[in-house]
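A short worksheet on the structure shown next.
Computed from the coordinates by the stated procedures, all read-outs in this text should not be read as laboratory data. Computed from a predicted model, the values in this text were never measured in an experiment. Backbone-built Cβ (ideal geometry, glycine too); neighbour counts: all protein chains shown.
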Amino acid sequence: MKGERLLVIYVQAVKGQAQMIKKQLTFLCPDVDYVERMLDSSEAIVILAKDKDAIVGVVGGWLKGTPSGYYIEDESLRQHGAYHEAHIDWIAVKEEYRKKGIGSALAERVCKWAREKDKKKIWTEVSRKSSDFDTFAFYKRLGFREIGSFRDLKGEEYVTILKQL
């Protein structure tokens, strides 16, 4: 892959592809049934980034947010008029394809889809847990801003972030 030019294409996934997506992106957090529910819903979108026939990245989004159920996060969303706005549920890019603009392109495509569906805002939440990839900085570069934070049942801190479309 080093030295060769990438020709990544972006396509909307369709019903029945969840198993293939999960097989090619084994680290993807949602399970096959959840991805398939998204593919079967007119309220959701799953966009694939493909290099030749290989899926190298994917993003999933909903037209109506899927709040975590944590009171503090839900209140932050209500305060900022985002409770019923679009939501980036998850995004994943294979490690060897990171820092090539693929994640940004996937996120922007979900934002474009949400705008086309008359949404004014899009939100997501990210973990503050340190890792080799700074997810918060990634979204901040895309124009998201912090609107709140909360801890999950395990005590892990998350930041709720929002972008005006």
Using alpha carbon centers only, the stretch 7-59 is separated from the stretch 90-115 by a whole-angstrom value of 12 Å
Along the stretch 121-127, Karplus-curve 3J(HN,Hα) (6.51, -1.76, 1.60; θ = phi - 60°) to the nearest Hz, with x for Gly and Pro, reads 9, 9, 9, 7, 10, 10, 6
Taking a ≥ b ≥ c as the square roots of the Cα gyration tensor eigenvalues, with a/c under 1.5 meaning rounded and otherwise prolate when a/b beats b/c or oblate if not, the stretch 1-92 comes out prolate
With -39,500 (n - 2.57) per DSSP H segment of 4 or more residues and division by the full residue count of the chain, the 222 nm estimate, nearest 500 deg cm²/dmol, is -8000 deg cm²/dmol
XL table K23/K50; K52/K121; K22/K94; K112/K154; Cα-Cα > 24 Å flagged, in table order, is K52/K121; K112/K154
Amide H neighbours of V56 at under 5 Å, excluding residues fewer than 5 places away on the same chain, with H built from the backbone geometry, are A49, K50, D51
Mean Cβ-within-10 Å packing, highest first, puts peptides 151-157, 102-108, 37-43 in the order 102-108, 37-43, 151-157
Computed on Cα atoms, the radius of gyration and Dmax of the chain in angstrom are 15.6, 48
Cα convex hull volume per residue for the stretch 70-165, in Å³, equals 93 Å³
